[in-house]
1. Answer yes or no as to whether Pro40 is closer than 27 Å to Ala133 by Cβ, out of contact with any strand residue (DSSP E or B) (no Cβ under 6 Å at 6 or more places or on another chain) and surrounded by fewer than 16 Cβ atoms within 10 Å (Cβ to Cβ).
2. Among the listed residues Ser173, Ser164, Ser169, Ser227, which satisfies the condition of being of a type in the set (Ser, Thr, Tyr) and surrounded by 22 or more Cβ atoms within 10 Å (Cβ to Cβ)?
3. Go over the candidates Ala10, Ala74 one by one and state the one that is surrounded by 13 or more Cβ atoms within 10 Å (Cβ to Cβ), part of a strand (DSSP E or B) and either in contact with a Lys or Arg (Cβ under 7 Å, 6 or more places away or on another chain) or modelled with pLDDT under 95 (or both).
4. Go through (1) in contact (Cβ under 8 Å) with a residue 12 or more places away in the chain; (2) over 19 Å from Thr264 (Cβ atoms); (3) of a type outside the set (A, V, I, L, M, F, W, C) and name the single condition Gly163 misses.
5. Among Val159, Val136, which is at pLDDT 95 or above, in a loop (DSSP other than H, G, I, E, B) and more than 19 Å from the chain's Cα centre (by Cα)?
6. Report, by residue number, each residue of region 93-133 that is over 12 Å from the mean Cα position of the chain (by Cα), buried (at least 19 other Cβ atoms within 10 Å of the Cβ) and assigned to a loop (DSSP other than H, G, I, E, B).
7. Considering only region 37-57, state which residues are of a type in the set (A, V, I, L, M, F, W, C), part of a helix (DSSP H, G or I) and either over 22 Å from the mean Cα position of the chain (by Cα) or closer than 22 Å to Lys15 by Cβ (or both).
8. Take region 202-221 and flag every residue that is of a type in the set (A, V, I, L, M) and either farther than 16 Å from Ser96 by Cβ or touching a helix residue (DSSP H, G or I) at 6+ places or on another chain (Cβ under 8 Å) (or both).
Amino acid sequence: MRISNLNGRAHLTDKRAVDIAESSGGRFGPDPMDLFAQWPAFHEWARTAPVEAGVPYRPEDLGAPVPRPGQVFAIGLNYAEHAAETGMNAAPGVPSTFTKFVSCLTGPTGSIALTGPSVDWEVELVVAIGVEARNVAAADAWKYVAGVTIGQDFSDRDVQMTGSPPQFSLGKSFAGYGPTGPALVTFDEIAIDTPLRLRCWVNDELVQDGSTAQMILPVAVLIEQLSAICALYPGDLIFTGTPSGVGMGRTPARYLVSGDTVRTRIDGLGEMTHTFTQARAVGSGRGADVNGCCRP
C-alpha cells in the first residue's frame, strides 16, 4: 500500500486517493501521524481497503508522508564511492549519524529558498519505523519497519563544514532541506530484499545513479546498531545515506543556483521535484515556500 499526506490528511493512494479516517469510519484519525500509534492494526485494515473507490488528486497537494517524526536519524558516508568523492571515511562498521531537524521536512514538490552558494543534493532511501524497536537484531529488523519513501538530504556545505570538527545537522536542516514522499510504501508493494535504484537529476542532467545494494551498512544493520543505543519509536525516520555524484565531490565543485530544478527518483517508490529560488541570508528567519514545510 501507499500512504500519502494529502492536504494534511492521511490517504491511501494509487491513481486515486482514499481518505483513511472517512473510509475506516473514524477508527483511524485523519492526521498521518495517528497511524503510527496503531500501526499493526492499521496495516491489517489497509490491506483490504477499497483504494479503487478513491477520488482524483493533484501531486502538488501532497505533503511529507510522515510530517512530524519524533526522531530523525541520518546516516553519512554509507556508500563507499560517496565517501571517496568527499575525501571522508566513516569508522568501519559504525554508522556516521547526525540528524535533520524536523522543521526542515517538507513534501515531494514545491520551491525551496537557497541559503547560500554551496547548497548540494543527496538522494536517499528513507525508512519509517512502525513498531518500537530496542536492541533489535538485524535478522529481525524489517519487522519493525512501517515502510520506505524517497528523501533528499539537501545540504548547505558551508554551514555543514563550519567549525573544527565540522558539525552536520544545522547545515542540513534549513527550511525545506528534508523533502520526503510522494508516499510511504509498505512491503505489500516492494520486497524488502529487492535492490532499489536511486537517481537524481539537476535540470536535465543525471547527477546520481546508484542502488541500495551498494550500502556499506544495510538498513537492517543500521536498525540493529541504532536501536542498541536509542529506542526507535513508531513514526521515526532514518535517512540511510546517499550514493556518489554529489556536487561537492566534483572538480570543480558544483552547487545549486536559483532556477535549478532537482528531480529525485527511487524505482518502485515514485519521484519528487523541487525548484530552487534566490538565496536568502542565513539567519533571516524566512522559510521556504514548500508544501507541508514547517516554518521557523
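The values are calculated or read from the model by the stated rules, or taken from the named source; none is laboratory data. The model shown is predicted, which means the values in this text are computed figures rather than measured ones. Glycine also receives a Cβ, built like all others from the backbone with ideal geometry; neighbour counts cover every protein chain displayed.
1. yes
2. Details: Ser164 fails: surrounded by 22 or more Cβ atoms within 10 Å (Cβ to Cβ); Ser169 fails: surrounded by 22 or more Cβ atoms within 10 Å (Cβ to Cβ); Ser227 fails: surrounded by 22 or more Cβ atoms within 10 Å (Cβ to Cβ).
Of Ser173, Ser164, Ser169, Ser227, the one residue that is of a type in the set (Ser, Thr, Tyr) and surrounded by 22 or more Cβ atoms within 10 Å (Cβ to Cβ) is Ser173.
3. On the way: Ala10 fails: either in contact with a Lys or Arg (Cβ under 7 Å, 6 or more places away or on another chain) or modelled with pLDDT under 95 (or both).
So the residue among Ala10, Ala74 that is surrounded by 13 or more Cβ atoms within 10 Å (Cβ to Cβ), part of a strand (DSSP E or B) and either in contact with a Lys or Arg (Cβ under 7 Å, 6 or more places away or on another chain) or modelled with pLDDT under 95 (or both) is Ala74.
4. It is condition (1) that Gly163 fails.
5. Answer to the selection: Val136.
6. Across region 93-133, the qualifying residues are Pro95, Leu114, Thr115, Ser118, Trp121, Gly130.
7. Across region 37-57, the qualifying residues are Ala41, Phe42, Trp45, Ala46, Val51, Ala53.
8. Keep residues of region 202-221 that are of a type in the set (A, V, I, L, M), which gives 202, 206-207, 213, 215-217, 219-221.
Val202, Leu206, Val207, Ala213, Ile216, Leu217, Val219, Ala220, Val221, listed by residue number.
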